[in-house]
Amino acid sequence: MFQLVAGGSALAFSRLGVADEAKKILTEDDAYAKSMGFRLDTTQVDQAKYPKHTAEQKCSECQLFSGEPGEPLGPCSFFGKRLVPVDGWCRNFKPKGAA
């Protein structure tokens, strides 16, 4: 009986973990992301609105991004460790190695 209860609890918590993981992915619809000009693809940034943007500026090249090489998403410290795509961009871009 105990194993059945423990197994059911583990299943419930694993489902919560999956839902929690899904919430961690940043979207362009997020209000804060919108205010920062966040785009899922750096090539889709509005050049008129952000004239200093270049196509080389992308999340994977930002010092606030801590994703693993080869992974399509990684955590961004600026957005509370939510996951962003390697080719994303926001106006808070800081090149790696910049002071």
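Of the residues screened, GLU21 is not one that is modelled with pLDDT of 95 or more and open to solvent by 60 Å² or more (accessible area, probe 1.4 Å). For the stretch 40-64, a residue qualifies if it is over 18 Å from ASP30 (Cα atoms) and among the hydrophobic types (A, V, I, L, M, F, W, C), and the qualifying residues are ALA48, ALA55, CYS62, LEU64. In the stretch 35-51, the residue that is farthest from CYS76 (Cα to Cα) out of those that are surrounded by 12 or more Cβ atoms within 10 Å (Cβ to Cβ) and of a type outside the set (A, V, I, L, M, F, W, C) is TYR50. Among the residues making up the stretch 25-34, those that are part of a helix (DSSP H, G or I) and either open to solvent by less than 60 Å² (accessible area, probe 1.4 Å) or touching a residue at least 40 places away in the same chain (Cβ under 8 Å) (or both) are TYR32, ALA33.
Kindly provide the set of residues from the stretch 74-97 that are assigned to a strand (DSSP E or B) and open to solvent by less than 60 Å² (accessible area, probe 1.4 Å), ordered by number.
GLY74, PRO75, CYS76, LEU83, VAL84, PRO85, TRP89
The values are calculated or read from the model by the stated rules, or taken from the named source; none is laboratory data. Treat the numbers as computed from the prediction; the structure is a model and nothing was measured. Quick reminder, even Gly has a Cβ in these numbers, built from the backbone with ideal geometry, and neighbours come from all protein chains shown. Surface accessibility is based on the protein's heavy atoms, side chains included, excluding ligands, DNA and RNA. Shrake-Rupley method; radii C 1.70, N 1.55, O 1.52, S 1.80 Å.
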